[in-house]
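The values are calculated or read from the model by the stated rules, or taken from the named source; none is laboratory data. Remember, it's a predicted structure, so these values are computed and weren't measured experimentally. Backbone-built Cβ (ideal geometry, glycine too); neighbour counts: all protein chains shown. The protein model used for the area step is the full one, side chains on, heavy atoms only, and it has no ligands, DNA or RNA in it. Shrake-Rupley method; radii C 1.70, N 1.55, O 1.52, S 1.80 Å.
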Amino acid sequence: MENLSTIVDWSRMQFALTAIYHWLFVPLTLGLSVIMAIMESIYVKNRDEKWLKITKFWMYLFAINFAIGAATGIILEFEFGTNWSNYSWFVGDIFGAPLAIEGIVAFFLEATFGAVMIFGWGKVSPKFHLVATWLTAIGASVSALWILVANAWMQYPAGMEFDPVQMRNVMVDFKALFSPVAINKFLHAVFSGWALAGVFVVGVSCFLLLRKRNRDFAVSSIKVGSWVGLAGLLLTMWTGDGSAVQVAKVQPMKLAAMEGLYHGSSGQGLAVWGIVNPDKQWNNDEPEYLSEISLPHGLSILATHTWDGFVPGITDIINGVSVNAQGDTINTVSYQERIVRGQQAHKALEQYRKAYAAGDKATAETALAALRADYPYFGYAYFNSVDEAIPPVGLTFTMFRVMVFCGSYFILFFIVALLLVYRKNWIDKSKWFYWVAMLSVPLMWLCSQAGWAVAEVGRQPWTVQDLLPTVAGISANQLDSVIITFWIFAVVFALLLVAEVSIMVRFVEKKSKTDILAAGSK
């Protein structure tokens, strides 16, 4: 069992490594595609050659990032088969359908019109080229849609039914995949990409300002990047609010972990800042925090949109106190009972398969009815104690605050950037902002990665919420092979990242030594 746990941990680390690297490239692709489409739209409307050169500059950086992102994304999808084959079988066509649509429709839309966008200058009309650029941007977002729909289903499985003959889930309602959880997750990810790309454009532009050769180029880029980034950040906050409400309804344990909350209440405060007590357990009397600053009623407002709404904590949820889909406080099934009922579901499944094989229809129907009654707790049968169903509280709590604090900072960042570029000569007198902007670029990536850590770590130990834990989803691999491939991927991904950053830096460095907007410049 110890060896199994080690294989699970290494398999999770390998997938997390791949996902982290992939997500370095995805948000920049989502946001930069929109920014350069807006820039090219200005060019087509005004026929100002300045905007053509600005568009081509950012398009070059987009193309580099897109290529590396596609490579890491392909590896990520292959890992579902190599490392998580039990999961892949269990989710059946439900998980595969969105990924297939993403590959057949969205990715080909991206790739086809992306090729026209990158190589079509002078070969197609300016308006057709603009259409190709916008379709590339739309294709990037549509690609993210199907991937995030698949991810959201793992967090809130809907539209499916378990087939005991195939031992897998089958889709019964395709529309159910587009739940509020999926829609909020998609919009939140796409808009956060706008914000990240906005910071990237401002940071690179400030580097050019520091070199004193491309003021007009940099100022024009900062204006577009800042407006897109600010809009993206405000929309990210709006969709984040919707996500919080959905998490409170369908993943209350994740919300409790995000807050380090063990004993909930009506009018629950929000820990604006705090240090989680590492000795705190769901069944002891240790304090939840070593230190904290709370906003009164804040969590109730965030989770229920009411002043005095009840928000359950980890201990409450384990003991069977929760909130239903309508937001009402209810007494539900305790975690200990879920383990028992999950075990009953497994026994009913075994009885069904034996009766089905023997042709005993009456016994099979009785066992199937028992299986369906307890199937919502199917995954809990893999746990030996309720402690195994609690997410890593400290990491989830910390990453949530990193995301929120960074997001709040970047609102101020974009407001200051817009103020400086729209006030006469203010940007020329603000060299301090150049350094702030450049240092803010990696901070924005930290914010983005922290958001994904909250989403994925907060739902542990599940691959499919309540139905399949990570311990039951892995492939039958040897521990050595998982460890070796982990380090191989770590080296390959590091080399890819170094290559991309090196190419981008050299390109920007080269352009910073010339006047990008000068006549004859390419």
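Quick check, is Val393 open to solvent by less than 30 Å² (accessible area, probe 1.4 Å) and either touching a Gly at 6+ places or on another chain (Cβ under 6 Å) or within 29 Å of Gly240 (Cα to Cα) (or both)? Here the answer is yes, as Val393 does meet what is asked. Taking first residues from the stretch 142-170 that are in contact (Cβ under 8 Å) with a residue 40 or more places away in the chain and under 15 Å from Pro180 (Cβ atoms) and partners that are open to solvent by 40 Å² or more (accessible area, probe 1.4 Å) and among the β-branched types (Val, Ile, Thr), the Cβ contacts under 7 Å between residues at least 6 apart in sequence or on separate chains come to Gly159/Val172. With respect to Phe80, determine if the residue is in a helix (DSSP H, G or I), open to solvent by 30 Å² or more (accessible area, probe 1.4 Å), within 21 Å of Leu145 (Cβ to Cβ) and not aliphatic (A, V, I, L, M). It is true that Phe80 is in a helix (DSSP H, G or I), open to solvent by 30 Å² or more (accessible area, probe 1.4 Å), within 21 Å of Leu145 (Cβ to Cβ) and not aliphatic (A, V, I, L, M). Within the stretch 178-195, the only residue that satisfies the criterion of being outside any helix (DSSP H, G or I) and of a type in the set (Gly, Ala, Ser) is Ser179.
Confirm whether Lys354 is assigned to a helix (DSSP H, G or I) and at pLDDT 85 or above.
So Lys354 passes the test.
Scanning the stretch 300-343 for residues that are modelled with pLDDT of 90 or more, among the charged types (D, E, K, R) and over 13 Å from Gln268 (Cβ atoms) yields Glu337, Arg338, Arg341.
Within the stretch 213-235, the set of residues being assigned to a helix (DSSP H, G or I), open to solvent by 20 Å² or more (accessible area, probe 1.4 Å) and of a type outside the set (Gly, Ala, Ser) comprises Arg215, Asp216, Lys223, Trp227, Leu230, Leu234, Leu235.
Per-residue answers, yes or no, for (1) modelled with pLDDT under 90; (2) open to solvent by less than 20 Å² (accessible area, probe 1.4 Å); (3) in contact with a helix residue (DSSP H, G or I) (Cβ under 8 Å, 6 or more places away or on another chain); (4) over 30 Å from Arg168 (Cα atoms):
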position: Leu412; (1), (2), (3), (4): no, no, no, yes
position: Phe433; (1), (2), (3), (4): no, yes, yes, yes
position: Val436; (1), (2), (3), (4): no, no, yes, yes
position: Ser440; (1), (2), (3), (4): no, yes, yes, yes
position: Trp445; (1), (2), (3), (4): no, no, yes, yes
position: Leu479; (1), (2), (3), (4): yes, no, yes, no
position: Val491; (1), (2), (3), (4): no, no, no, yes
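Only one of the numbered conditions (1) out of contact with any Pro (no Cβ under 6 Å at 6 or more places or on another chain); (2) closer than 30 Å to Trp89 by Cα; (3) not hydroxyl-bearing (Ser, Thr, Tyr) is not met by Gly458, and that is (1). Restricting attention to the stretch 154-173, and to residues there that are in contact with a Phe, Trp or Tyr (Cβ under 7 Å, 6 or more places away or on another chain) and closer than 23 Å to Pro461 by Cα, which single residue is least open to solvent (accessible area, probe 1.4 Å)? Across the stretch 154-173, the extreme among qualifying residues is Asn169. Does Ala176 satisfy the criteria of being closer than 30 Å to Ala115 by Cβ and either out of contact with any helix residue (DSSP H, G or I) (no Cβ under 7 Å at 6 or more places or on another chain) or buried (at least 23 other Cβ atoms within 10 Å of the Cβ) (or both)? Criteria not met by Ala176. When the stretch 447-505 is filtered for residues that are assigned to a helix (DSSP H, G or I) and acidic (Asp, Glu), the ones remaining, listed by number, are Glu456, Asp480, Glu500. All of Tyr43, Tyr21 fail the test of being touching a residue at least 12 places away in the same chain (Cβ under 8 Å), hydroxyl-bearing (Ser, Thr, Tyr) and under 18 Å from Ala189 (Cα atoms), apart from Tyr21.
The rows are residues; the columns are (1) aliphatic (A, V, I, L, M); (2) touching a residue at least 60 places away in the same chain (Cβ under 8 Å).
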| site | (1), (2) |
| --- | --- |
| Arg211 | no, yes |
| Ser221 | no, yes |
| Val224 | yes, yes |
| Ala231 | yes, no |
| Met237 | yes, yes |
| Gly242 | no, yes |
| Ala256 | yes, yes |
| Leu261 | yes, no |
| Gln268 | no, no |
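Considering Gly92, Gly69, the condition of being crowded, with 16+ Cβ neighbours inside 10 Å, touching a strand residue (DSSP E or B) at 6+ places or on another chain (Cβ under 6 Å) and not β-branched (Val, Ile, Thr) is satisfied by Gly92 alone. Take Val172 and decide whether it is among the β-branched types (Val, Ile, Thr) and within 30 Å of Gly379 (Cα to Cα). So Val172 passes the test. The criterion of at least 2 residues that are buried (at least 22 other Cβ atoms within 10 Å of the Cβ) and touching a Ser or Thr at 6+ places or on another chain (Cβ under 6 Å) is met by the following helices (runs of 4 or more DSSP H) wholly inside the stretch 249-324: 252-259. Residues that are open to solvent by 40 Å² or more (accessible area, probe 1.4 Å) and either under 11 Å from Arg338 (Cβ atoms) or assigned to a helix (DSSP H, G or I) (or both) within the stretch 378-388 comprise Tyr382, Asp387, Glu388, listed in sequence order.
Val149 meets all of the listed conditions (1) modelled with pLDDT under 90; (2) open to solvent by 40 Å² or more (accessible area, probe 1.4 Å); (3) under 18 Å from the mean Cα position of the chain (by Cα) but one, namely (2).
Mind counting the residues in the stretch 414-431 that are open to solvent by 30 Å² or more (accessible area, probe 1.4 Å) and in a helix (DSSP H, G or I)?
7
A single member of Lys123, Lys53 is among the charged types (D, E, K, R), open to solvent by 30 Å² or more (accessible area, probe 1.4 Å) and either touching a Cys at 6+ places or on another chain (Cβ under 6 Å) or in contact (Cβ under 8 Å) with a residue 60 or more places away in the chain (or both), and it is Lys53. Given the structure, is Ala115 open to solvent by 20 Å² or more (accessible area, probe 1.4 Å) and within 22 Å of the chain's Cα centre (by Cα)? When the stated conditions are applied, Ala115 does not pass them.
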